[in-house]
Amino acid sequence: MLADGSLEFADPALSYGFEARMSAAITRKLSVDGGITKVLNAYYRGGPQRIYLDSAPRFTANAALTLADWRGWSGSLRMRGINSYRLDGADPSIRAAGHVVFDTAFNRDVTDQIALNVAVDNLLNRNYWEVQNYFTSQIAGQGPADRIHG
């Protein structure tokens with residue numbers, strides 16, 4: 001983040017960790033799948049000293065229960081989540097909120113030309129933010145104002 005509060009792409013970064021995915025058929029028409037990603041370390045490449053990336057989640061997960069062509073119906077129940085993460089490299093107490101959100105979708109072909117589709121994102125009406133930033137706001141010609149976390 002630049003001093004004026006604007007965001008700009010930075011130098012190339014390097015990260016490492018692991019990812020695990022699985023998928024399993026419970027029956028011919030019902031399956032479960034999911035995955036997790038864990039970033040162990042992330043930093044900018046180059047330079048005389050290592051600068052660590054801190055404004056990104058280190059753990060994400062997803063899972064789904066999928067129904068395929070059961071009496072003409074298909075659908076899924078999906079979960080997605082991220083953990084809390086730092087927003088300020090200097091102050092570890094300022095963190096973005098993690099979240100877990102559930103989505104569902106069902107569909108059925110009514111005729112060859114008509115399909116019924118119903119989908120609900122954020123099924124449990126969870127309050128969450130997809131993107132969170134933290135920076136000092138400054139009006140041109142004036143000093144820094146309060147910090148903004150949103």
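Can you give the local net charge around residue 97? Use residues other than it whose beta-carbon is closer than 15 angstrom to its beta-carbon, Lys and Arg +1, Asp and Glu -1.
+3
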Original post:
In what sequence, highest mean first, do 89-97, 55-63 appear when ranked by Cβ atoms within 10 angstrom?
Top reply: 55-63, 89-97
Original post:
Once you list every other residue whose beta carbon is under 13 Å from the beta carbon of residue 77, what net charge do they have if Lys and Arg are +1 and Asp and Glu are -1?
Top reply: -1
Subject >> Accessible area in square angstrom per residue, the range 26-78, 1.4 angstrom probe >> reply: 66
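The values are calculated or read from the model by the stated rules, or taken from the named source; none is laboratory data. Note that the coordinates shown come from a computational prediction; the quantities given were computed from them, not determined experimentally. Note that each Cβ is placed from the backbone with ideal geometry, even for glycine, and that neighbours are counted across all protein chains shown. Remember, those area values only see protein heavy atoms, side chains included, never the ligands or the DNA or RNA. Shrake-Rupley method; radii C 1.70, N 1.55, O 1.52, S 1.80 Å.
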